[in-house]
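These notes are about the structure you will find just below.
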Amino acid sequence: MKKISKNIARQQDGNALVLVALAMAAVLALTGLVVDGGHLYWNKAHLQKAANAAALSGAQEIVNSQENIDRVVTEILEAHEAEGSLLEATVENERQLNVVLEKQVPVFFSSIFGVEHIPIKVKAKAGLSPMGEAVGAVPLGIDESVPLQYGETYQLKVDAGDSAAGNFGVLALEGPGAKSYGDSLMYGFDDLLQVGDIVNTQTGNIAGATRSGINYRMDLCPNWEGGTELRDCPRIMLVIVYKPYSQTTNQMKSVEITGFAYFYVTERMGNTDDSIKGIFIKRAGAGSEGQGNPPDRGAYAIKLTE
């Protein structure tokens, strides 16, 4: 009996050692999977963030050129330490940028089984839509009936009474008066404007305030060449597209915002000038799509679509 008991005890000890070894192996395997899985998850999240940023920034350049898109996307990926991961940066329908990234991620536990790297792939899409609301517009507007030929020179009249008879309106975004008008022309209106808002027109001769505001912007961005593609050139002004809302026989009193457009000032205003000379351009900015369905006047908002 004693011998039988000792044999059973030895067998049990042996079984216990096997079970412990198996349990330790399972724990190690589980730990390895957690480590590798967490490492892959972190890398994919980081790569997705880079793809989103590249798509949003690159989409700003859809209205310019593929060369600009490639340059901006490359810069963003380098800033996110994701250089070399770009598989694709293509434009669809002139409105949407598709970015695809892939990265070979080194793994730790899986290398025991001969797997040194695991590929991860992410996608991001950013699209352009007509701008429906924005901050930073200048107190100038253009009637929605005026056709815009992008790149052709326009003279936007701002002499006394012209907002009643002409196609270009001077607006009182911050209230009446040349000083309020001049400040918002220099720096942009810092409240949100959106399609459907009603704003009053500016009265009186404000050509002097206009010259000061326009020439101030010109001084901050003096070089013409390539200025239309710069992200921070004050020559580029966000103007309001409107339709008349209320008017008297001699004067338009208020307008309704129907959209937004970008105007690039090409010349300084002289002492006798009563017009702003420049061109309308297509551009993506910091506004948003807003509500409704604003018309396409070349000012676009950007958002991730995937």
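The values are calculated or read from the model by the stated rules, or taken from the named source; none is laboratory data. Model, not experiment: these values are computed from the prediction. In this analysis, Cβ positions are derived from the backbone assuming ideal geometry, glycine residues included, and neighbour counts consider all displayed protein chains.
Which of the residues that make up the stretch 256-288 are modelled with pLDDT of 90 or more and either farther than 22 Å from residue 232 by Cβ or surrounded by fewer than 14 Cβ atoms within 10 Å (Cβ to Cβ) (or both)?
The answer is 256, 257, 258, 259.
So, in the stretch 146-172, of the ones that are under 16 Å from residue 266 (Cβ atoms) and part of a loop (DSSP other than H, G, I, E, B), which residue ends up modelled with the lowest pLDDT?
158
Looking only at the stretch 209-240, count how many residues are in a loop (DSSP other than H, G, I, E, B) and crowded, with 16+ Cβ neighbours inside 10 Å.
Qualifying residue count for the region: 4.
Could you check residue 81 against (1) farther than 29 Å from residue 191 by Cα; (2) in a strand (DSSP E or B) and say which number it fails?
Condition not satisfied by residue 81: (2).
Does residue 33 qualify as being surrounded by 11 or more Cβ atoms within 10 Å (Cβ to Cβ), in contact with a helix residue (DSSP H, G or I) (Cβ under 7 Å, 6 or more places away or on another chain) and at pLDDT below 60?
Yes, satisfied.
Looking for whichever is within 19 Å of the chain's Cα centre (by Cα), modelled with pLDDT of 90 or more and not charged (D, E, K, R) here; the options are 196, 227, 213, 188. Which one fits?
Exactly one of 196, 227, 213, 188 is within 19 Å of the chain's Cα centre (by Cα), modelled with pLDDT of 90 or more and not charged (D, E, K, R), namely 188.
For residues in the stretch 81-96 being crowded, with 16+ Cβ neighbours inside 10 Å and more than 17 Å from the chain's Cα centre (by Cα), which is modelled with the highest pLDDT?
Top of the filtered list is 86.
Within the bounds of the stretch 178-187, is there any residue that is of a type outside the set (S, T, N, Q) and surrounded by fewer than 16 Cβ atoms within 10 Å (Cβ to Cβ)?
Yes, some residue in the stretch 178-187 is of a type outside the set (S, T, N, Q) and surrounded by fewer than 16 Cβ atoms within 10 Å (Cβ to Cβ).
Return the total of residues in the stretch 130-145 being part of a loop (DSSP other than H, G, I, E, B) and more than 22 Å from the chain's Cα centre (by Cα).
The total comes to 3.
Of the residues that make up the stretch 279-292, is at least one outside any strand (DSSP E or B), out of contact with any Lys or Arg (no Cβ under 9 Å at 6 or more places or on another chain) and either free of Cβ contacts under 8 Å to residues at least 12 places away in the same chain or among the hydroxyl-bearing types (Ser, Thr, Tyr) (or both)?
No, the stretch 279-292 contains no residue that is outside any strand (DSSP E or B), out of contact with any Lys or Arg (no Cβ under 9 Å at 6 or more places or on another chain) and either free of Cβ contacts under 8 Å to residues at least 12 places away in the same chain or among the hydroxyl-bearing types (Ser, Thr, Tyr) (or both).
Inspect the stretch 231-240 for any residue being in contact with a Phe, Trp or Tyr (Cβ under 8 Å, 6 or more places away or on another chain) and at pLDDT below 90 and give the result as yes or no.
Among the residues of the stretch 231-240, not one is in contact with a Phe, Trp or Tyr (Cβ under 8 Å, 6 or more places away or on another chain) and at pLDDT below 90, which makes the answer no.
For a quick check of your reading of the model, give me the residue pairs whose first member lies in the stretch 253-278 and is touching a residue at least 12 places away in the same chain (Cβ under 8 Å), whose second is of a type in the set (Ser, Thr, Tyr) and not in a strand (DSSP E or B), with beta-carbon atoms closer than 6 Å and at least 6 apart or on different chains.
As it stands, the answer is 264/228; 277/266; 278/266, since those pairs meet every condition given.
If a residue must be outside any strand (DSSP E or B) and under 18 Å from residue 219 (Cα atoms), how many such residues does the stretch 251-277 contain?
Matching residues across the stretch 251-277 total 7.
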